[in-house]
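Just below is one structure, and these are the notes that go with it.
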Amino acid sequence: MKRLDRAASNTAWLNKYLDNVVLHLPKIPSNHRPILVRFTNDVSSSRGPKPFRFLAAWLTDKSFGEFVSNAWLNNLPYLHAADNFVKKAMEWNRDNFGNIFTRKRRILARLRRVQKALETNPRRSLSKRGRNRITTIQDDNGEWLLENEVIKQHATTFFSALYTSETVVFRPYLIRGCFPNLNVSSTQGLTAPIEDDEIQQTIFSMKPLKAPGVDGLHAIFYQSQWHIVSPSFCRFIQSTFNSGIIPKEINTMLLVLIPKVDHPVNLKMYRPISLCTVVYKIISKIVANRLQALMPNLIGPQQTSFVLGRHIIDNIVIA
């Protein structure tokens, strides 16, 4: 049944309170539920500091290449060079580029005034802002959590339990001799040294503006500044393969929640995705590219997974 209890407002009120939330409270001895409207002018104080993000607009500045050349120190290990660059990039953005975030806030303020003047037009663009935040959520018992810190703690506990591996008992596989064997010559490509050209081809095959990881650096940064950052970057990738150890800073990911439904009420209604750093993607992609050459020898002709050029429709044609 559709809920009859609603809260109504005009466009002017919505423009003023962008982060409003309507809550239906537990039913009292009545046929209706009480409605609680929560709103605030500024929720930024309850949110943590924004992570660093490389901005593609920086590439339009003629002085950016010279800045990267001075800020990226190839004599340092990659992790230190990247951390040093991030700190200097934030200063450069504020002092030289003109702080694009301030420009963005000014433009958004102008858009709000335009939308406020157009009272007859739905403010669809600004309405997305509220949907990009979780202001209330139900816990496992169906109770509504309203406080920001309580929601954070609930999310941390929920996803920690979700991603904690269970104890697995490995048993020997009883069927043997039914799988193809790889000879030494076919596996030599897997253990070949990682060359600079292979790293360059891998990073330039990536989409430039995919969402970055915790370091905030997109692939387009490495692609556009490859002539500057490549020495320390390649050394780091090669040392990671030689040691077999991925540093914690690279193996750390951002967890982003994508709603599965229009109006999610609990964390089960969100699909978590992990945002990896470009370095982690490069390491994974190099391994995948090398394995790709062996897949046709390991996957049967009736199977369509993991082999480039095979499609599920091929099985329909054979049938």
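What follows draws every value from the coordinates through simple rules; no lab data is involved. Since the structure is predicted, the reported quantities are computational estimates derived from the model, not experimental observations. All Cβ positions, glycine included, derive from the backbone under ideal geometry; neighbour counts span all protein chains shown.
Roughly what angle does helix 100-117 make with the longest principal axis of the chain, taking Cα atoms, 0 to 90 degrees, to the nearest 10? Roughly 40 degrees between the two axes.
Taking Trp144, Trp72, Trp13 as the candidate residues, the one with maximal mean-square fluctuation in a Gaussian network model of the chain, Cα springs under 10 Å, is Trp13. Only helical runs count toward this figure. For the chain, summing -39,500 (n - 2.57) over DSSP H runs of n ≥ 4 and dividing by all residues gives -12500 deg cm²/dmol at 222 nm. With the chain treated as a Gaussian network of Cα nodes joined by springs under 10 Å, which of Leu209, Leu298, Leu190 yields the largest mean-square fluctuation? Looking only at Leu209, Leu298, Leu190, the biggest GNM fluctuation is shown by Leu298.
In plain terms, the chain is cut at each of the GluC sites (Glu not before Pro) found in a DSSP loop with at most 11 other Cβ atoms within 10 Å, and the longest leftover piece is 196-319. With 31 Å as the limit, the listed pairs Lys87/Lys260; Lys16/Lys88; Lys104/Lys285; Lys87/Lys152; Lys62/Lys152 have Lys87/Lys260; Lys16/Lys88; Lys104/Lys285; Lys62/Lys152 beyond it between alpha carbons.
Listed options for Cα extents along the principal axes in Å are (i) 76, 59, 42; (ii) 61, 55, 46; (iii) 54, 48, 39. The value calculated from this structure is the one marked (i). Computing FRET efficiency as 1/(1 + (r/R0)^6) for Ile312 and Gln292, where r is the C-beta to C-beta distance and R0 is 25 Å, gives about 0.85. Largest GNM mean-square fluctuation across Ser165, Ser186, Ser205, computed for the chain with C-alpha springs under 10 Å, falls on Ser165. Distant-in-sequence amide contacts of Arg310, defined by a placed amide H-H separation under 5 Å and a gap of 5 or more residues or a different chain, comprise nothing. Sorting Val169, Val256 from the fewest to the most surrounding beta carbons within 10 angstrom yields Val169, Val256.
Distance between the 7 Å Cα→Cβ label points at Val256 and Val150: 2.9 nm.
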